[in-house]
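Data first, discussion second: the structure below is written as structure tokens.
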Amino acid sequence: MAVRRIDHLGIAVESLDEALQAYTAGLGLELAGREEVEEQGVRVAMLPTEAGRIELLEPTRPDSPIARFLATRGPGLHHVALEVEDIHKALEQAQAAGLRLIDATPRRGAGGSLVAFIHPKSLGGVLVEFVEPAGREA
Ligand code: CO
């Protein structure tokens, strides 16, 4: 099977600092790290749980996908990320089954991972991100 588990839930927020306050003080989660992914125009904060992580996403520029999402839909659940063993194989399988790919080839994600998005129209209205974690192959 291509998919191993839920890696994280991506949540679009206007302010990372405000959201972090709520998710740490309010929910008792711990901040594992912050990172800016320039390519995608986002600042990311990761909060692990026992099963999967919460990924808070704040836009760094007005033309980034997260900024456009916030402008049209407001803050909220943005995507569900599924960990896959081999992202190239997973994309091949999805495409062969007729799913619409946003990324035909993987790109660089947070923490040195490889990521690719599948169009929400293909998966019940949910934007799905495939994640192949860094350094799992070596
Ligand atoms: Co994500």
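The values are calculated or read from the model by the stated rules, or taken from the named source; none is laboratory data. Note that the structure is predicted; figures quoted are calculated from it, not measured. Here the Cβ positions follow ideal geometry from the backbone for every residue, glycine too, while neighbour counts run over all protein chains shown. The area values use the complete protein model at the heavy-atom level, side chains included, leaving out ligands, DNA and RNA. Shrake-Rupley method; radii C 1.70, N 1.55, O 1.52, S 1.80 Å.
In segment 19-37, of all residues being surrounded by 12 or more Cβ atoms within 10 Å (Cβ to Cβ) and of a type outside the set (A, V, I, L, M, F, W, C), the one that is nearest to the ligand (Cβ to nearest atom) corresponds to GLU35. Please work out if ILE54 is open to solvent by 40 Å² or more (accessible area, probe 1.4 Å) and under 15 Å from the mean Cα position of the chain (by Cα). So ILE54 fails the test. Can you find a residue in segment 71-93 that is of a type in the set (Lys, Arg) and either within 27 Å of LEU29 (Cβ to Cβ) or touching a Cys at 6+ places or on another chain (Cβ under 9 Å) (or both)? Yes, there is a match, as at least one residue in segment 71-93 is of a type in the set (Lys, Arg) and either within 27 Å of LEU29 (Cβ to Cβ) or touching a Cys at 6+ places or on another chain (Cβ under 9 Å) (or both). Can LEU16 be described as within 15 Å of the ligand (Cβ to nearest atom), over 17 Å from GLU129 (Cα atoms) and more than 13 Å from the chain's Cα centre (by Cα)? The answer is yes for LEU16. Within the set LEU82, LEU70, LEU77, LEU127, the sole residue that is modelled with pLDDT of 95 or more and either farther than 23 Å from TYR23 by Cα or open to solvent by less than 20 Å² (accessible area, probe 1.4 Å) (or both) turns out to be LEU70.
Where residues in segment 1-10 are out of contact with any Lys or Arg (no Cβ under 6 Å at 6 or more places or on another chain) and in a strand (DSSP E or B), which of them is most open to solvent (accessible area, probe 1.4 Å)? Restricting to residues being out of contact with any Lys or Arg (no Cβ under 6 Å at 6 or more places or on another chain) and in a strand (DSSP E or B), the top hit is ARG4.
Condition check ((1) exposed (fewer than 12 other Cβ atoms within 10 Å of the Cβ); (2) within 21 Å of PHE130 (Cβ to Cβ)) across all residues:
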residue	(1), (2)
ALA12	no, yes
GLU50	yes, no
ALA90	no, yes
ALA97	yes, yes
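Test ALA116 against the criterion of being over 15 Å from the mean Cα position of the chain (by Cα) and farther than 22 Å from ALA32 by Cβ, and give yes or no. No; evaluated as a whole, the condition is false for this residue.
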